[in-house]
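The structure under discussion appears below in the form of structure tokens.
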Amino acid sequence: MRFMMIVKANKLSEAGALPSEAALAAMGKYNEELQKAGVLLDLSGLKPTSKGARVKYAGGKATVVDGPFSEAKELVAGYWIIQVKSKEEAIEWAKRIPFEATSPAGEATEVEVRPFYELEDFAPGPAVESAKERAKKLPANAGPHRG
Amino acid sequence: MTATAEETRRRIEALWRMESPKLYAGLTRLVRDLGLAEELAQDALVAALERWPESGVPENPGAWLMTTAKHRAIDELRRDKLLVGKHEELARDVASGQEERSADLEARIERDLDEENLGDDLLRLIFTACHPVLSPEARVAMTLRLLGGLTTAEIARAFLVPEPTIAQRIVRAKKTLGEAQVPFEVPRGGERAARLASVLEVIYLIFNEGYAATAGDDWMRPELCEDALRLGRVLAELTPDEPEAQGLVALMEIQASRERARRGPTGEPILLLEQDRSRWDQLLIRRGLAALDRAEALGGARGPYALQAALAACHARARTAADTDWARIAGLYGALGEVAPSPIVELNRAIALAMLFGPEAGLKLVDALKDDPALASYHLLPSVRGDFLTKLGRFDEARAELERAAALTQNARERALLLARAAACGEAASPSGT
């Protein structure tokens, strides 16, 4: 089973501050642990929302709102994708993230653990078939993991 | 918020999967006896199952389990000493040696298990579990249990055999390792290559059992593929200089990337060239290609796993089936045939050449393999022959071959597919209404 561990933003990440040496070392060690355990599939960090934008859709119209956005705890700052046997195992890995080294003192940090949909989650049916048809029309390399 | 007993049990299960390989590895190094190490680790698990639902799960569960197991080891040792004392006459010959060994052992147990040593211990454990003195089935069971963190019941379910069979297999394997006095070490020198090949073979066996289930009604058992991938990734991390470990990971990642595309809505198999490539997992392909790059950078481009990974990569890189670089594929099969000669490789080379030069060319090569005893009961030979004959419009012969292939395969899904193709040939040979 695959899970995404979604790291929420904090003041530091939103300010675009690069992590300290100590934070980098702690995260590096953690990532290495994930890799050595054979569970790490992918990871990335995101730049602060001041570098991004939101596109809102309403009534058939798209409106663009430039960042930054204020509600730091609702913002995503990065993610890991891991492959494990159970939700419990994913949570155990999430508990080991060395946040004490990476978040500003006294500030709470949050990570959200979410399972991916798996093939088994979809019973065959017309909607699934039509989704597959749509997927067929996409270029072969479309998707978040181009190349 | 208090966890229910069931929640705690599930947590312990997850923690056990994560921590047990380290426990087995560290403890085996300490007590030099895999069987005893396993008992100690199991004792620690039992203690956790007893206490944690009451006390809550400790802050560092891995360290708790290890400490508990170490205390058991010391208890065991003291009891041993006592036994030696009680049977003094009997034990006189060995007593001094035993005393020395025990003191040494106790000192080592008291010392904290060094993180630095953990990797080496795990590698020793992999080599021990995959030791050639064990049968392939035993190696698979030992590897899944000791390194994959699977329970006996889970292994039994994955291989569709009764649980006592697996339990027996593991007991016998430990006995065999003890009797053969297999040292707990990473083989060096000339022995290393052969022993590593055995490890790689075991991991790929597990993967293949998941990828193309040899028996049963399911075409795939993806959980076994994931177990094998995890083991392969662990091994590749532990042996970063071994190109074939990287090659095997590359091969498994790329093959696993097709999982979603190789089954139809009712679970029927879909052949590679007919798969919807938009369903291939680009994340796994990217990981596989990176591992293949590492294998090649280490000078291992001609290793059997790296060559097979390169073949899988050819398909992964082709945007459509028509874009497939069949010349490169035929060349890679030629190279593979040189380092690991096999009629199955030759059969695949025939398929590639048929794609390049037409079914007639392929048929010629396949006919040369027809009498190879190694392929006598291999369903893919008549299956491939049947395919070439279909393309040549020789439907009656094609049908006979496909039916023969259907009779040879052990997999129910594959049999159904072959029979459907045979029936289609039958209809083509005598169109309905005549």
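Here are the numbers for the structure shown:
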read-out: Trypsin sites (Lys or Arg not before Pro) within segment B:147-227: DSSP coil, no more than 13 neighbouring Cβ in 10 Å; value: B:188
read-out: Rg ratio (alpha-carbon, reference 2.2 N^0.38 Å) - segment B:226-271; value: 1.43
read-out: Rounded if a/c under 1.5, otherwise prolate or oblate - segment B:377-434, Cα gyration tensor axes; value: oblate
read-out: Where labels lie 7 Å past Cα in the beta-carbon direction, separation of residue A:6 and residue A:95 in nm; value: 2.3 nm
read-out: 18 Å tail of the calculated P(r), segment A:1-98, as % of Cα pairs; value: 55 percent
read-out: Inter-chain Cβ neighbour average for residues B:227-240, partner chain, 10 Å; value: 3
read-out: Additional length obtainable on full extension of the chain from residue B:54 to residue B:67, 0.36 nm per residue less Cα span; value: 2.8 nm
read-out: Efficiency of FRET from Cβ geometry, residue A:57 and residue B:160, R₀ 45 Å, rounded to 0.05; value: 0.35
read-out: Extended-chain gain in nm, criterion 0.36 nm per residue less alpha-carbon gap, residue B:74 and residue B:367; value: 98.9 nm
read-out: Segment residue B:208-residue B:193, length gained on full extension (0.36 nm per residue, minus Cα span); value: 3.2 nm
read-out: Coordinate range along principal axes, alpha carbons of the protein assembly as shown, Å, largest first; value: 91, 76, 46
read-out: Cα→Cβ-extended label distance, 7 Å offset, between residue B:9 and residue B:319, nm; value: 5.4 nm
read-out: Of the trypsin sites (Lys or Arg not before Pro) in segment B:343-391, those whose Cβ has at most 16 other Cβ within 10 Å and which sit in DSSP loop; value: B:370
read-out: Other protein chain Cβ atoms within 10 Å, averaged over every residue that makes up A:27-37; value: 2
read-out: Euclidean distance of C-alpha centroids, segment B:239-300 and segment A:1-74, integer Å; value: 28 Å
read-out: Whole-number percent relative contact order across chain B, with pairs defined as alpha carbons under 8 Å at least 6 apart; value: 10 percent
read-out: Computed helical MRE - 222 nm, chain B, DSSP H runs ≥ 4 contributing -39500 (n - 2.57), nearest 500; value: -24000 deg cm²/dmol
read-out: Cβ-Cβ FRET estimate between residue B:397 and residue B:342, R0 fixed at 22 Å, reported to 0.05; value: 0.30
read-out: Separation of the residue A:21 and residue A:76 label points, Cα + 7 Å toward Cβ, nm; value: 3.3 nm
read-out: FRET efficiency for residue A:50 and residue A:118, using Cβ-Cβ distance with R0 set to 35 Å, rounded to 0.05; value: 0.45
read-out: For segment B:377-434: relative contact order, % (alpha-carbon pairs under 8 angstrom, 6 or more apart); value: 35 percent
read-out: Choice from B:257, B:198, B:55 showing the highest fluctuation, given a GNM over chain B with Cα pairs closer than 10 Å; value: B:55
read-out: Across A:8/A:87; A:29/A:95; A:36/B:174; B:370/B:391; A:51/A:95, pairs whose alpha-carbon gap is larger than 21 Å; value: A:36/B:174; A:51/A:95
read-out: Most mobile of B:209, B:50, B:242 in a GNM of chain B (Cα contacts under 10 Å); value: B:50
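The numbers here are math on the coordinates, done by the rules we state, and not lab data. Keep in mind it's a predicted model, so treat the numbers as computed, not measured. FYI the Cβ positions are ideal-geometry reconstructions off the backbone, even for glycines, and counts take in every protein chain you see.
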